[in-house]
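So the structure is just underneath, and the comments pick up after that.
The values are calculated or read from the model by the stated rules, or taken from the named source; none is laboratory data. What you see is a predicted model; the values in this text were computed from it and never measured. Note that each Cβ is placed from the backbone with ideal geometry, even for glycine, and that neighbours are counted across all protein chains shown. Only protein heavy atoms, including side chains, enter the accessible area calculation; ligands, DNA and RNA are left aside. Shrake-Rupley method; radii C 1.70, N 1.55, O 1.52, S 1.80 Å.
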Amino acid sequence: MAKKARELSALAVSKLREEGRYAVGGADGLHFRISGGSRAWVLRIQVGPRRSDLGLGPYPEVSLAEAREVARELRKKVRSGIDPRLEKQEARAAIVVAKAKTKTFEECAKAYVEVQRAGWKSDKHAKQWSATLETYAFPVFGSLPVSSVDRAVVLKVLNPIWATKTETAKRLRGRIEAVLDWAKVYGYRDGENPARWRGHLDKLLAAPSKVRKVTHHAALPYADLGAFMVELRRREGVSARALEFAILTAARSGEVRGMTWAEIDFAGKLWTIPEDRMKAGKEHRVPLSGAALAVLKKMPRVANVKYVFPAPMGGALSDMALTSVLKRMGREGITQHGFRSTFRDWAGETTAFPREVIEHALAHQLADKAEAAYQRGDLLTKRSQLMSEWARYSARPTKLAKSVGSRSTIP
């Protein structure tokens, strides 16, 4: 039979000074351990073949009497077949899980944006993503634990704007769904996603396509283009030249505003837009007409400024720069993006260029997957002819001018 340790008094324990381990009695395996400046209670137990020590707390925060009481309780558990070590680990795990369940929706949303930011095309996309949630979702349930976000609070956000701001509401729903899916993967919530559409919210909200017709960008009739270009070319300033170049190339505003000198090949009469600046995420080559090259050659090169059409401080023009030109011209009824529609209408109605050539000029993905699979080239030669015809047409000031010769350009 193992010899029981003599029970030390609280006074005797307080007088212990030397480093070491002291059996204090009153509970089998209870020791007082001194190591450096640390003093603590330790209980030695054996579960199965393995012996181990359990920490019972520091001295004097935990008194001798308290240490003995805890040690006796743990001894009872060991005799009942319970492993206090595993019990302690499970308790810690439960605390971690409980803490995770308190993570708010806003915290999860911000973490999700940071994780996804590297894969998004630009910081602007990340800002738009965050702004939508900050405007509509955070005020309603941003401070709620993400585990508590349910269908009721999701609908509380979506219902007020579903009919009036349908496109925004549609994007918002998708973003809420993405954040909640992310939270589930990380263990912050369980169960079905209350923001999912198919088989859930589609039964409670009208289909976006039926709520409101899509409003296209206002466009200038192509018959009026020549007169418009005469007026535009009379205007000075970087923004006016950027708008002129955008029209001549049928490019998007962001593609033009972000254009750098390194993307231009003057000898080859070519503008190559890298994939990270394209909507489709694919490099796009733009053939430059004589008129488009003339615009570029008039732009001064500023030292240490990479942009062709820079803002006053040297950065890229803002997304409102080209729109502001139209407003100053008294053309509030049209948009810069609408000139792409002007180009599309002109090319489709007055020229014989094939549809795929026109779609490539607009950097559109072919809707027909089979057609796209066979059409692997970018039809650069034919597009070069098309853009030259477009430049010639835009230089005709007569309102009702028509592109006559282009019908015979492509047999």
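Among beta bridges from DSSP that stay inside the stretch 1-60, the antiparallel ones total about 100%. Think of a 1.4 Å ball rolled over the protein heavy atoms: the chain then has 56 Å² of accessible area per residue.
Between the beta carbons of residue 209 and residue 297, assuming R0 = 41 Å, the FRET efficiency works out to 0.35 to the nearest 0.05.
Between residue 115 and residue 345, the contour length at 0.36 nm per residue exceeds the alpha carbon distance by 78.6 nm. The apolar share of the surface of the chain, taken as the fraction of accessible area on carbon and sulfur atoms (1.4 Å probe, ligands and nucleic acids excluded), comes to 52 percent.
Among the listed pairs 297/382; 170/203; 124/210; 124/297; 4/77; 165/210, which are separated by more than 18 Å between their Cα atoms? Cα-Cα > 18 Å for 297/382; 124/210; 124/297; 4/77; rest within. With R₀ fixed at 56 Å, the C-beta to C-beta distance from residue 156 to residue 261 puts the FRET efficiency at about 0.65. Between residue 218 and residue 143, the C-beta separation translates, for a Förster distance of 41 Å, into a calculated FRET efficiency of about 0.50. Among the GluC sites (Glu not before Pro) found in the stretch 176-243, those both in a DSSP coil and sparsely packed, with 13 or fewer other Cβ atoms within 10 Å of their Cβ, are 192, 236.
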